[in-house]
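Participant: Here it is, the structure in full.
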Amino acid sequence: MIRLYNVHKNYGQHVALRDVSFTVSKGEFCYITGPSGAGKTTMLKLLYGAIQPTTGQLQVAGMNLSLLKKNQLPLLRQQIGIVFQDFKLIPTRTVGENIGLALEVIGTPRHLIERRVQAVLNIVGLPGRDHLYPAYLSGGEQQRVAIARAIINDPSILLADEPTGNLDGAMAVAVMDILQKINLRGTTVLVATHDAALMKRFPYRCIRFRNGQLEKR
Amino acid sequence: MSLTFLQHIFRRATRSIWENLYLNAVSASVIGASLILLGLYSLVQNNLSTVIDSWNKDVHVSVYFADDVDEERRLELRDKIHGMSEVIQVRYVSEVDAKNWMLEEVSGIEDTLKELGDNILPASLEITLDAQMAHPKRIEEFASKIDYDDFVATDYGVEWVDKFNAFLRMFQALGTFVGLLIIIAAMFLVTNTVHLVIYNRRNEIEIAKLVGATKSFVVLPFLIEGTIQGLIGALGALTGLWVIHRTLVNQLQQHETLKMMTDLSFIPVGQQLLLLFIGLTLGLMAALIATLRFLRKVG
């Protein structure tokens, strides 16, 4: 599902990632971990095409990102779901509209979007909240809305960048429960985190970075 | 591009107009104001051209007899000139006719004219030429053909029409130049206003791109928004121009001396459509430039 061969990423003189190679299989749950500045976010940005590797080969969902043209980027993004630490919800749109955006961009009819929104809200435990605006929700609920948006188009891969970073313990566990549930449905899940307690509570394979290099695959 | 996709795009465009009503109103007003300026120029230019055309078609030459030419010779010359191929009509105006005409046209000079006697104004022939003669050189050639000693003066009033034509040509050139400047200035203002609308929605655009929005999904709503701004601006301008035109006609009708100008015509349909087209293009181009500039910045 995800393959990296000798990937390097430099920002000018600064080396963010050095000679990174690993594979994540279909349906796997996997952590990308390491201290701050280790390269976790850079790694995720490479995986959803926000940046290009300086050298090396990168394959995600059957697409070679090193050869990806700019106009093919939406195709990649339509096949993966992304969850951010700061949720990235549109404050002027309702929960339903925020979640439905991922289907709107591919031209799904409105009645189908509404039906799917209700279904994913049930999965993340927020039934009937589609008419609320994000500001009326707690941090944990907003993160669950972000997860609902990421899974509404049944992506094969879900990337989560510090999804519990802004949440308290109980909320973090609730979010991890949802991610686990999504993984059990067959979605490959990659979670970038440095929360050791959470990784201990939900033990999965860890890909550990330090100073831009792989420490553990 | 599916119909559902287009429905989403239109819904996003109309929603954005509603959410950024003030900025959209500013853009539409700028477009409208520019088109009103262009339209006013058109209105003036069209009406001036109509007046000049009518002057040009109405080709007249007047020749004034010397005092010592008798009536018989005058009528002989009238018939001779009437027989020329370029001439449509010749009217003999005697000294008495000329004086009567003067009395009709200018009030309060009866006593003065009585004192001066009957022969104060010279007798003349008023010659109407064929419309094909409406050219200064041809009229001059004709005037030289009838340059008899019996006439003391010839007046064919073309020189100043010619000068007016030259003024009109300069007015047209100046109008085109100023019109272009107005369009460029409007484009600049509208582009920056649309840029503000896009900037207000930058987070939404970023998020839409993260969930797989294509370039067309991002750009098209702004283009539709720009086109709607252009359409509203152009329709507003045409309405404004019509109101200005009607007000002007009504004002002119109230003034006795300006009544002859009340057949002031509105800009022709072709130019109205052109203004509409300019408005739409202005809105569309401004939105396109602003959106592409924004996308180039954010990548």
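Participant: With unit charges on the beta carbons (Lys and Arg positive, Asp and Glu negative) and the dipole taken about the Cα centre of the range B:114-240, which residue among B:Leu231, B:Leu180, B:Pro122 sits farthest to the positive side?
Facilitator: Farthest along the dipole direction, towards plus: B:Leu231.
Participant: OK, next. Please name whichever of A:Ala38, A:His8, A:Tyr136 sits farthest to the positive end of the charge dipole of the range A:1-139, dipole taken about the Cα centre and charges placed at Cβ: Lys and Arg +1, Asp and Glu -1.
Facilitator: A:His8
Participant: Still on this structure, please answer the following. Explain nothing, just the number: dipole magnitude of the protein assembly as shown about its Cα centre with +1 on each Lys and Arg Cβ and -1 on each Asp and Glu Cβ, in debye rounded to the nearest 20.
Facilitator: Approximately 7240 debye in magnitude.
Participant: Compute the FRET efficiency between B:Asp53 and B:Leu273 as 1/(1 + (r/R0)^6), taking r as their Cβ-Cβ distance and R0 = 22 Å, and round to the nearest 0.05.
Facilitator: With a Förster radius of 22 Å, E is 0.50.
Participant: Next up: At 7 Å along the Cα-to-beta-carbon direction for both B:Ile120 and B:Tyr199, put a label point, then send me their distance in nm to one decimal.
Facilitator: Result for the modelled spin labels: 7.4 nm.
Participant: How large is the direction-averaged shadow of the alpha-carbon convex hull of the protein assembly as shown, in nm²?
Facilitator: 37.2
Participant: Please get the size of the charge dipole for the range B:182-299, origin at its Cα centre, with Cβ charges of +1 on Lys and Arg and -1 on Asp and Glu, quoted in debye to the nearest 20. Walk me through the numbers on the way to the answer.
Facilitator: Details: 9 positive and 5 negative charges, 105 e Å.
With only Lys, Arg, Asp and Glu charged at Cβ, the dipole is about 500 debye.
Participant: Now a separate question. So how do B:Phe171, A:Phe22 rank on accessible area, 1.4 Å probe, biggest first, that is with the largest at the start?
Facilitator: B:Phe171, A:Phe22
Participant: Can you tell me how much longer the chain between B:Val178 and B:Arg15 gets when fully stretched, taken as 0.36 nm per residue apart minus their C-alpha distance, in nm with one decimal?
Facilitator: Between B:Val178 and B:Arg15, full extension yields 55.1 nm more.
Participant: Here's something else I'd like to know. At 4 °C and 1.567 mPa s, what whole-number value in µm²/s does Stokes-Einstein give for the translational diffusion of the range A:162-217, with Rh from the Kirkwood sum over Cα pairs?
Facilitator: In µm²/s, the coefficient is 106.
Participant: B:Leu288 label point, 7 Å along Cα→Cβ, cut-off 14 Å on backbone N: hits in the range B:264-278?
Facilitator: Hits in the range B:264-278 for B:Leu288 at 14 Å: B:278.
Participant: Under 8 Å for C-alpha pairs, at least 6 residues apart: give me the relative contact order for chain B, rounded to a whole percent.
Facilitator: RCO, chain B: 31 percent.
Participant: Please report, in Å, the Rg and the Dmax of the range B:19-136, where both are computed over Cα atoms only.
Facilitator: For the range B:19-136, the Cα radius of gyration and maximum Cα-Cα distance read 25.7, 87 Å.
Participant: Give me the Kirkwood hydrodynamic radius of chain A in Å, from all C-alpha pairs, to one decimal place?
Facilitator: It works out to 17.6 Å.
Participant: Output needed for chain B: three equivalent-ellipsoid semi-axes, defined as square roots of 5 times the C-alpha gyration tensor eigenvalues, in descending order, whole Å.
Facilitator: 66, 20, 14
Participant: So for A:Lys181, A:Lys45, what's the accessible-area order with a 1.4 Å probe, most first?
Facilitator: A:Lys181, A:Lys45
Participant: If you place +1 on the Cβ of every Lys and Arg, -1 on the Cβ of every Asp and Glu, and leave all else neutral, what size is the dipole of the range B:53-145 about its Cα centre, to the nearest 20 Debye?
Facilitator: With Lys and Arg at +1 and Asp and Glu at -1, about 480 debye.
Participant: So what is the orientation-averaged projected area of the range A:1-58, using the convex hull of its C-alpha atoms, in nm²?
Facilitator: Mean orientational projected area (the range A:1-58, Cα hull): 4.0 nm².
Participant: What is the ratio of the Cα radius of gyration of the range B:64-187 to 2.2 N^0.38 Å, with N the residue count, to two decimals?
Facilitator: This ratio for the range B:64-187 stands at 1.55.
Participant: Roughly speaking, what is the stretch gain from B:Arg296 to B:Thr247, that is 0.36 nm per residue apart minus the C-alpha to C-alpha distance, in nm to one decimal? Before the final figure, lay out each step's value.
Facilitator: On the way: separation 49, 0.36 × 49 = 17.64 nm, distance 4.78 nm.
Separation in residues times 0.36 nm, less the Cα-Cα distance, equals 12.9 nm.
Participant: A further question follows. For peptide A:97-108, how many partner chain Cβ atoms fall within 10 Å of a residue's Cβ, on average?
Facilitator: 6
Participant: Using just the helices of chain A, give the 222 nm mean residue ellipticity in deg cm²/dmol: DSSP H runs with n ≥ 4 each add -39,500 (n - 2.57), and the total is spread over all residues, rounded to 500.
Facilitator: Helix contribution divided over all residues of chain A: -10000 deg cm²/dmol.
Participant: Within a 10 angstrom radius of each residue's Cβ in A:147-154, how many Cβ atoms of other chains show up on average? Whole number is fine.
Facilitator: 1
Participant: Another question, then. Run the simple label-point estimate for B:Asp67 and A:Gln52 please: 7 Å along Cα→C-beta, distance reported in nm.
Facilitator: Label at B:Asp67, label at A:Gln52, 9.9 nm between them.
Participant: With a cut-off of 15 Å, note down the residues of the range B:126-158 whose backbone N falls inside the zone around a label point 7 Å from the Cα of B:Ser85 toward its beta carbon.
Facilitator: Within reach of a label on B:Ser85, which here means backbone N under 15 Å from a point 7 Å along Cα→Cβ, the range B:126-158 contributes B:130-133, B:142.
Participant: With a 1.4 Å probe and all protein chains kept in place, how much accessible area does B:Val61 have, in Å² rounded to the nearest 10?
Facilitator: Its accessible surface works out to 0 Å², give or take rounding.
Participant: At 1.4 Å probe size, put A:Glu104, B:Glu72, B:Glu19, A:Glu28 in order of accessible surface, largest to smallest.
Facilitator: B:Glu72, B:Glu19, A:Glu28, A:Glu104
Participant: If you don't mind, another one. Pop the C-beta distance of B:Leu235 and A:Leu67 into the FRET formula with R0 = 35 Å and round what comes out to the nearest 0.05. Display every interim value, and only then the final one.
Facilitator: On the way: r = 49 Å, r/R0 = 1.41.
E between B:Leu235 and A:Leu67, to the nearest 0.05, is 0.10.
Participant: Over chain A, what is the relative contact order in whole percent, taking alpha-carbon pairs under 8 Å and six or more residues apart?
Facilitator: Computed over chain A, the figure is 31 percent.
The values are calculated or read from the model by the stated rules, or taken from the named source; none is laboratory data. Predicted, not measured: the structure shown is a model, and the values here were computed from it. Because the Cβ atoms are built from the backbone with ideal geometry, glycine has one as well, and the counts that use them run over all protein chains shown. Ligands, DNA and RNA are excluded from the accessible area calculation, which covers all protein heavy atoms including side chains. Shrake-Rupley method; radii C 1.70, N 1.55, O 1.52, S 1.80 Å.
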